[in-house]
Each structure stands twice: as structure tokens, then as C-alpha cells.
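A short worksheet on the structure shown next.
Nothing in this text is a laboratory measurement; each read-out follows from the coordinates by a stated rule. Here the structure is a predicted model, which means the values were calculated and not measured. All Cβ positions, even for glycine, are placed from backbone atoms using ideal geometry, and neighbour counts span all protein chains on display.
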Amino acid sequence: MKKISNICCIGAGYVGGPTMSVIAHKCPDVKVTVVDINQKRIDLWNHENPDKLPVYEPGLSEIVFNSRGKNLFFSTDVDKAIDEADMIFISVNTPTKTYGKGKGQAADLKFIELCARNIARVATNDKIVVEKSTLPVRTAEAIKSILHNTGNNVRFEILSNPEFLAEGTAIEDLLHADRVLIGGDDTPSGQEAKNLLSAVYENWLPKERILQTNVWSSELSKLVANAFLAQRVSSINSISALCERTEANIAEVSRAIGHDSRIGAKFLNASVGFGGSCFQKDILNLVYIAKSFGLNEVADYWEQVIIMNDYQKTRFADNIISTMFNTVSGKKIVFYGWAFKKDTNDTRESAAIYVANLLLEEQANIVVYDPQVGEEQIYSDLDYLGTRSEEENRKLLKVTTDYMEATKDAHAIAILTEWDEFKTYDWNQIHDNMLKPAFVFDGRRMLDKAKMQEMGFDYYKIGES
Ligand code: NAD
Ligand code: UGA
């Protein structure tokens with residue numbers, strides 16, 4: 001069997017960057033080139049300063065700096081990288097459609113199609129094309145049809161190899177993946193392609209963790225894995241609302257049910273609601289696919305996971321308003337955290353954005369502190385909602401890099417992201433700084449209720465009465 005020696009990845013985002021850096025790190029004999037049309041992003045991947053990489057992930061900069069310039073390259077020369085590669089990963093974004101048929105639910109595949117057409121235009125020798133992006137089941141059919149009609153005698157094998165890394169733990173997840181999924185055709189050339197990709201991963205992962213399936217099972221499994229994970233969060237969040245009314249404690253309920261090995265302990269942390277670029281997008285996509293096959297009950301079942309998540313975000317904001325005497329107008333509310341989870345600078349679909357939006361509708365004055373997310377990103381997230389003018393967003397919401405200064409004369413603090421550093425703050429000093437009563441709304445269940453109350457806070461924690 002021939003070996004893969006030259007890999008190209010189209011898309012230098014949160015998946016393409018870290019995934020290819022780990023492949024380059026673990027396969028020093030393979031040349032890996034990550035390409036993107038976004039010049040600014042590529043310049044940042046090539047930046048001298050490790051703090052400037054476009055993706056913040058623990059352990060990422062070490063791996064990039066170890067291989068960059070040796071067998072790992074970042075470039076905007078997409079055609080050249082495609083031409084030289086034996087294996088091409090497509091790792092571009094597949095957001096929810098914002099227009100036309102399927103608007104608000106279906107995945108927008110225009111970037112995928114552009115990649116397929118680019119490959120078809122440039123390729124002069126046989127290639128293995130790997131879907132790394134998360135795609136609706138049967139997308140490979142469309143890619144095949146574009147690639148197989150070039151008339152230039154180039155043979156393409158299409159594989160599905162969805163990515164399961166979670167942000168904030170991407171490097172750990174890639175180095176110690178629970179499993180790698182490779183879907184491909186059962187033809188001899190399809191089997192050979194699957195084995196060639198498998199051999200890349202076998203450089204660091206045990207063979208039994210590399211699962212081979214047909215293309216459609218692989219595409220669908222990625223959507224289903226995200227739907228099951230998100231469903232657990234919505235399930236526990238629904239119970240958190242009940243705990244708040246009954247004096248049951250969500251941490252105790254999570255522990256009690258998680259000890260059942262059939263249920264398991266992971267993904268049972270109640271929160272202000274899940275965010276991230278994928279859970280909502282992928283479930284909406286699943287809902288759309290089910291509907292398009294006339295499976296309305298299946299669609300409704302999964303849609304409920306999103307409805308519950310929206311309810312949790314609204315519930316958190318409503319609770320802030322009602323607890324603060326039914327008005328937050330003109331009151332200073334400090335947000336600790338803006339990212340959708342800790343250890344990432346990604347804010348896509350972060351609960352913080354929606355909670356802020358609801359409070360701004362009530363004319364609150366918000367001050368945001370996040371250790372990794374900057375002012376430009378925060379305003380862009382808010383402006384994107386289009387709820388109010390850009391000027392008004394900047395008037396009502398300020399961004400700070402000083403978490404302590406922000407608490408001076410604040411009416412309330414809302415914890416939106418579970419950054420570890422929040423636990424280490426001098427909460428006594430924060431209490432002194434704030435107006436009284438000093439409210440803390442803990443959307444991540446980070447702090448000790450008894451201690452906070454002892455310090456004098458009016459402390460509210462998701463999932464406890
Ligand atoms: P991203 O937006 O961070 O990166 C995508 C990149 O693709 C962008 O930099 C964009 O400029 C580039 N791009 C788009 N069209 C291009 C083209 N025609 N040619 C060259 N470059 C192009 O997206 P992401 O978070 O890395 O996600 C990529 C895919 O992986 C999505 O399908 C997503 O669902 C899936 N996924 C994401 C995660 C995650 O944690 N973010 C995890 C697993 C799977
Ligand atoms: C998720 C999946 O975990 C990955 O396997 C998948 O590859 C990825 O989506 C994807 O396809 O994009 P990610 O969104 O990066 O990864 O992060 P998660 O750790 O899954 O967290 C998602 C959201 O759920 C976060 O807002 C997090 O705070 C929230 N969450 C998670 C909870 O509220 N409670 C939990 O118990 C777990």
C-alpha cells in the first residue's frame with residue numbers, strides 16, 4: 001500500500017488548525033499545508049508571537065511552534081496546496097443557512113461546494129478527499145458528483161472523517177481521541193483510501209479506536225453524537241428549573257443519576273445553557289433532515305433540545321430582572337465571561353450574548369470581563385443580533401480588562417463562563433466594591449453558596465433554591 005506523504009487542509013479554523021498541527025506533530029514524514037482564503041487568519045497562524053495564534057487552545061502553540069516551517073505550513077495559496085497533495089481535508093465552516101430554502105435550519109453548504117469545485121479545477125493526479133467538516137448525511141454524493149464530472153481523468157475517493165474535538169480541550173482530545181471515525185465506499189479503492197487515512201491516525205492512536213463505516217453512517221453519526229451530548233445538557237438544565245422550585249439540589253441529582261454506569265457522570269453540569277458553533281447548528285440540521293424525509297415526530301423530538309436551551313438562557317435573564325426588584329434599567333451588571341465555555345476564545349452562540357441582549361432590552365448597563373475575548377469580538381456578537389443600533393450597544397455595554405475595577409458600584413455580577421480564575425478572586429473585596437444588596441447570579445455553579453452568603457452576597461446559583 002502506498003503511503004500518504006502530502007496532506008492539504010482547506011480551512012484554517014478551530015478544527016483545521018489544531019487537527020492538522022497534531023497530524024504534522026505526530027507524522028514528521030508527512031508534509032501538511034493548511035490553506036485558507038482569509039489572509040488575516042493565515043498571517044496569525046504564521047505569527048512569531050505564540051499569543052497571537054488565531055485560536056486559543058491549551059497546548060496548541062507548543063505543537064504549532066514545534067512543527068511550523070518543518071512539515072507544517074499555513075498559506076493562502078489554495079491551488080498550489082491542492083495540486084501537491086495526495087489527501088485533501090475539507091474543514092471549512094458549515095453554518096446554518098440564513099436565506100432561502102431551509103433558512104434557520106439547514107446547513108449552508110456553499111463553502112463546501114466551492115472547495116469541491118476548486119479541487120475539481122486544480123487536480124491533475126488522483127486524490128483522496130476527506131470531509132472533515134460536519135455535514136448533512138448524503139453530502140458526499142454532491143461532492144462526488146462535482147468531482148467525478150471534471151472530464152480530466154483524475155480519480156477521486158471521498159471519505160467522511162468527522163471531528164469530535166471539543167474546544168478548550170482540543171489538543172488533549174486529538175492526542176487521546178476516544179475514537180476516530182472513517183466512512184468510505186466498500187469498493188477496493190474505497191477500502192484502500194480508508195486504510196490510508198487510518199494509517200495516518202495509527203501513528204499515535206491504537207487501531208481498535210479507529211472505526212470504519214460506510215460514508216452515510218459516518219456523516220450521520222457526527223450529527224447524532226452532538227445531538228446526544230446537547231440533549232444531556234438540556235435534560236439536566238430542565239431539571240435545574242425544577243430543583244429551584246423544590247429545594248432539591250441539581251449537583252446532588254447529577255451525582256445521584258451519574259453514578260448509574262448506564263447513565264454516566266459526564267455532561268451533567270447544569271448551566272446557563274449550551275453555546276458553541278455546533279450543538280445548535282447540528283441539531284437544527286438534524287431537524288431539517290428529518291422533516292425533509294417527512295419524519296415530523298423525529299424532528300419535533302430533537303427540536304425540543306433547542307427549545308429547552310433557549311428557555312434556560314431566558315430563564316437566567318428573567319431571574320436577574322425579577323430578583324433585582326423587577327427593574328435593571330440603569331443598573332450596572334458585571335458579566336464575568338463571554339466565551340461559550342472556558343479555555344477558548346470562541347464566542348459563537350455563547351449564552352452570554354443572548355443574556356446580555358435580554359438585559360440590554362431592559363436598559364441595563366453591562367460591563368463585560370473575559371480573560372480571552374476582546375472588545376471587537378464582543379461588540380460584533382451583539383451587533384450581529386441586530387436588536388439595536390451599534391451606537392446603543394456601545395453606550396449600554398462596556399468591555400474591561402480589569403475584573404476588579406469593574407465591580408466598583410456594581411449592582412450585580414453574572415457569571416456566564418466557567419473560567420477557573422473566577423474562583424480565585426478576592427470576593428470579599430468585590431463585595432466591598434459593590435452597591436448593596438450585592439447580587440451574584442452564578443450561571444456556571446462555580447462558587448460556594450454558604451461562603452458567598454456569609455460574605456454578605458445575595459447569591460443565586462442555577463439549580464438551587
Ligand atoms: P471556522 O469558521 O473556525 O473555520 C473555517 C475556515 O474555513 C475559515 O477560516 C474560512 O475562512 C475557511 N474557508 C471557508 N471557505 C473556504 C474556501 N472556499 N477556501 C478556503 N478556506 C475557506 O470553522 P470551524 O469551527 O473550524 O469548523 C469547521 C467545520 O468543523 C464545521 O463544519 C464544524 O461544524 C466542524 N466542527 C467544528 C468543531 C469545533 O469545535 N469548532 C468541532 C468539530 C467539528
Ligand atoms: C462539542 C462536542 O463536545 C464535540 O465532541 C464536538 O466535536 C463539537 O461540539 C463540535 O462538533 O463542534 P464544544 O462545543 O467545543 O464541543 O464544547 P462542549 O464541551 O461540548 O460544550 C458545549 C456547550 O455545552 C458549552 O457551552 C458548555 O459550557 C455546555 N455544557 C457542556 C454544559 O452546559 N454542561 C455540560 O455538562 C457540558
Relative contact order (%) - region 6-213, alpha-carbon pairs under 8 angstrom, separation at least six | 20 percent
Nearest-0.05 FRET efficiency for Asp79 and Lys423, computed from C-beta distance (R0 60 Å) = 0.75
Taking a label point 7 Å from the Cα of Thr246 along the Cα→Cβ vector, which residues of region 432-465 have an amide N closer than 18 Å to it?
-> 462-465
Antiparallel DSSP beta bridges within the chain, percent to nearest 5 | 5 percent
Do the alpha carbons of any pairs in Lys3/Lys342; Lys70/Lys103; Lys80/Lys103; Lys2/Lys97; Lys342/Lys408; Lys341/Lys398 sit beyond 32 Å of each other, and which pairs?
-> Lys3/Lys342; Lys70/Lys103; Lys80/Lys103; Lys2/Lys97
Once both labels are modelled 7 Å past Cα along the beta-carbon direction, what's the Leu295-Asn125 spacing in nm?
-> 4.2 nm
Could you compute the FRET efficiency for Leu211 and Lys395, with r as their C-beta to C-beta distance and R0 at 56 Å, rounded to 0.05?
-> 0.60
Count charges around Phe422 for me, please; just the other residues with Cβ under 10 Å from its Cβ, Lys/Arg as +1, Asp/Glu as -1.
-> -1
Under DSSP loop assignment and at most 11 Cβ neighbours within 10 Å, longest GluC sites (Glu not before Pro)-free interval of the chain = 248-465
Would you please classify the overall shape of region 6-213 from the alpha carbon gyration tensor, given that a ≥ b ≥ c denote the square roots of the eigenvalues, rounded means a/c under 1.5, and beyond that prolate means a/b larger than b/c while oblate covers the rest?
-> rounded
Evaluate E = 1/(1 + (r/R0)^6) for Asn195 and Asp383, where r is the Cβ-Cβ distance and R0 equals 45 Å; express this FRET efficiency to the nearest 0.05.
-> 0.40
Using alpha-carbon pairs under 8 Å, 6+ residues apart, how would you state the relative contact order of the chain in percent?
-> 12 percent
Give me the distance between the Cα centres of region 389-425 and region 131-167, rounded to whole Å.
-> 43 Å
Taking the Cβ of Asn6 as the centre, find all other residues whose Cβ is under 13 Å away and add up their charges (Lys, Arg: +1; Asp, Glu: -1).
-> 0
If amide H atoms are modeled at 1.01 Å from N in the peptide plane, then the residues at a separation of 5 or more from Val130, or on another chain, having amide H under 5 Å from its own are Ile88, Phe89, Ile90, Leu159
How many percent of the alpha carbon pairs in the chain exceed a separation of 43 Å?
-> 19 percent
Whole-number percent relative contact order across region 223-306, with pairs defined as alpha carbons under 8 Å at least 6 apart = 35 percent
What is the ratio of the Cα radius of gyration of region 246-305 to 2.2 N^0.38 Å, where N is its residue count, to two decimals?
-> 1.47
Want the number for Lys2 to Asn319: 0.36 nm per residue separation, take away the alpha-carbon distance, what's left?
-> 108.0 nm
State which stretch of the chain is the longest one without any exposed chymotrypsin sites (Phe, Trp or Tyr not before Pro), exposure meaning a DSSP loop state and at most 15 other Cβ atoms within 10 Å.
-> 100-203
